[in-house]
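Q: After the structure tokens below, expect a handful of questions from me.
The values are calculated or read from the model by the stated rules, or taken from the named source; none is laboratory data. Bear in mind the structure is a predicted one, so any value in this text is a computation, not a measurement. Here the Cβ positions follow ideal geometry from the backbone for every residue, glycine too, while neighbour counts run over all protein chains shown.
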Amino acid sequence: MLKIARTNPAVGVVILGPAQNGPSLHYRVYVAGGMSEAPRGAATYEPTMEVYDSEDDEWRIVGSVPVEFAVRLTVWTPNESVYSTGVLYWMTSARAYSIMGFEIRSNKWLELSVHMADKLEFATLAQLNGRLTLVGGTSGGDACVWELDERHAWCLKEKMPVELTRKLLAGKATWATTKCVRGDGAICLYRDLASGMAVWREVGERGRWEWFWVEGCCSIKGERVQNLPIKGVLIHPNLAPSCAFSKQG
């Protein structure tokens, strides 16, 4: 169990490699921020980071969290983390967007700026080819994919084709209701059940990526279904998408 009971913390999972004993994986679960009990029945933002190590089978407190970070991790951060080059990242969902990172070796916190942070109507983090990647869209503009380079600068990597933008937005000029999910070798953008999905995925063996369109669902077995917002997309059932090792073929 956690050393300090808390509600609504930010959570991240990092897979470190094969376990020393048995066929399972060696992984760590990181828990930061959240609300904990204070004297006289009140609640307070919890300024600590805890980690569970699967090989030790125990929780431990590994460091503190700046109070400002604890607030943002608790209130403005969806439970989605991305691990890249030794750092576990979370995106704040409040505009303007920002990124908080935790270096797992030094137990230090850092903050990254987000490209066009005050103009993005949606923003999601991903990890592609070992690099931290940002997916977002601006009002009246394109949905783009940016990659963080060695200088911690965002570089434009890809734009969604105009024809897919028109299909996905369906005549609207806003990305506000757009959601994005990442999977192994794919990034999917979607809105509701009927409007369809734009998918940017890796094809072939040379790292080539292409855009595809997946038609929406208007009927099941001939019966018309109600158009509803999509709450989530199941890409692949696994413990975590964040890996700190790569398999050798």
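Q: May I ask you to say which residue of L148, L156 is within 22 Å of the chain's Cα centre (by Cα), farther than 26 Å from G12 by Cβ and either outside the structural domain of V82 (by TED's automatic domain parsing) or at pLDDT 90 or above (or both)?
A: So the residue among L148, L156 that is within 22 Å of the chain's Cα centre (by Cα), farther than 26 Å from G12 by Cβ and either outside the structural domain of V82 (by TED's automatic domain parsing) or at pLDDT 90 or above (or both) is L156.
Q: What is the residue count in the range 83-126 for residues that are farther than 23 Å from V181 by Cβ and either out of contact with any Leu (no Cβ under 8 Å at 6 or more places or on another chain) or among the hydrophobic types (A, V, I, L, M, F, W, C) (or both)?
A: As a first pass, look at the range 83-126 and keep what is farther than 23 Å from V181 by Cβ: 86, 103-111, 113, 118.
Now drop any that are not either out of contact with any Leu (no Cβ under 8 Å at 6 or more places or on another chain) or among the hydrophobic types (A, V, I, L, M, F, W, C) (or both), which leaves 86, 104-111, 113, 118.
Qualifying residue count, the range 83-126: 11.
Q: Assigned to a strand (DSSP E or B), surrounded by fewer than 19 Cβ atoms within 10 Å (Cβ to Cβ) and outside the structural domain of S84 (by TED's automatic domain parsing): does that describe E121? Steps first, please.
A: On the way: assigned to a strand (DSSP E or B): yes; surrounded by fewer than 19 Cβ atoms within 10 Å (Cβ to Cβ): yes; outside the structural domain of S84 (by TED's automatic domain parsing): yes.
In short, yes.
Q: Please determine, by comparing only the residues of the range 1-27 that are of a type in the set (S, T, N, Q) and out of contact with any helix residue (DSSP H, G or I) (no Cβ under 9 Å at 6 or more places or on another chain), which one is farthest from T85 (Cα to Cα).
A: If we take residues in the range 1-27 being of a type in the set (S, T, N, Q) and out of contact with any helix residue (DSSP H, G or I) (no Cβ under 9 Å at 6 or more places or on another chain), then N21 is farthest from T85 (Cα to Cα).
Q: Please give the number of the condition A126 fails out of (1) surrounded by fewer than 17 Cβ atoms within 10 Å (Cβ to Cβ); (2) touching a Ser or Thr at 6+ places or on another chain (Cβ under 6 Å); (3) at pLDDT 90 or above.
A: (1) is the only condition that A126 fails.
Q: Further, regarding this structure: What strands (runs of 3 or more DSSP E), lying completely within the range 151-223, carry at least 1 residues that are surrounded by 17 or more Cβ atoms within 10 Å (Cβ to Cβ) and among the charged types (D, E, K, R)? Please lay out each step first, then the result.
A: Working: elements: 154-159, 179-183, 186-190, 197-203, 208-214.
Those strands (runs of 3 or more DSSP E) span 154-159, 179-183.
Q: Given V114, V145, V135, V82, which one is buried (at least 16 other Cβ atoms within 10 Å of the Cβ), part of a loop (DSSP other than H, G, I, E, B) and touching a Ser or Thr at 6+ places or on another chain (Cβ under 8 Å)?
A: Numbers: V145 fails: part of a loop (DSSP other than H, G, I, E, B); V135 fails: part of a loop (DSSP other than H, G, I, E, B); V82 fails: part of a loop (DSSP other than H, G, I, E, B).
Just one listed residue meets the conditions, V114.
Q: In the set G33, G17, which member is in contact (Cβ under 8 Å) with a residue 12 or more places away in the chain, touching a His at 6+ places or on another chain (Cβ under 7 Å) and on the phi > 0 side of the Ramachandran plot?
A: When all the criteria are applied, what remains is G17.
Q: Shifting gears a bit: So I61 clears everything in (1) touching an Asp or Glu at 6+ places or on another chain (Cβ under 6 Å); (2) closer than 16 Å to M100 by Cβ except one condition, right? Which one?
A: (2)
Q: Sticking with this one: Within the range 218-236, is even one residue of a type in the set (V, I, T), out of contact with any helix residue (DSSP H, G or I) (no Cβ under 8 Å at 6 or more places or on another chain) and at pLDDT 80 or above?
A: no
Q: For residues in the range 44-67 being of a type outside the set (G, A, S) and part of a loop (DSSP other than H, G, I, E, B), which is surrounded by the most Cβ atoms within 10 Å (Cβ to Cβ)?
A: That would be E46.
Q: I need the full set of residues from the range 97-107 which are over 13 Å from L134 (Cα atoms) and either in contact (Cβ under 8 Å) with a residue 24 or more places away in the chain or in contact with a helix residue (DSSP H, G or I) (Cβ under 6 Å, 6 or more places away or on another chain) (or both), in order please.
A: Once the filter is applied, which keeps residues that are over 13 Å from L134 (Cα atoms) and either in contact (Cβ under 8 Å) with a residue 24 or more places away in the chain or in contact with a helix residue (DSSP H, G or I) (Cβ under 6 Å, 6 or more places away or on another chain) (or both), the range 97-107 yields M100, F102, I104, N107.
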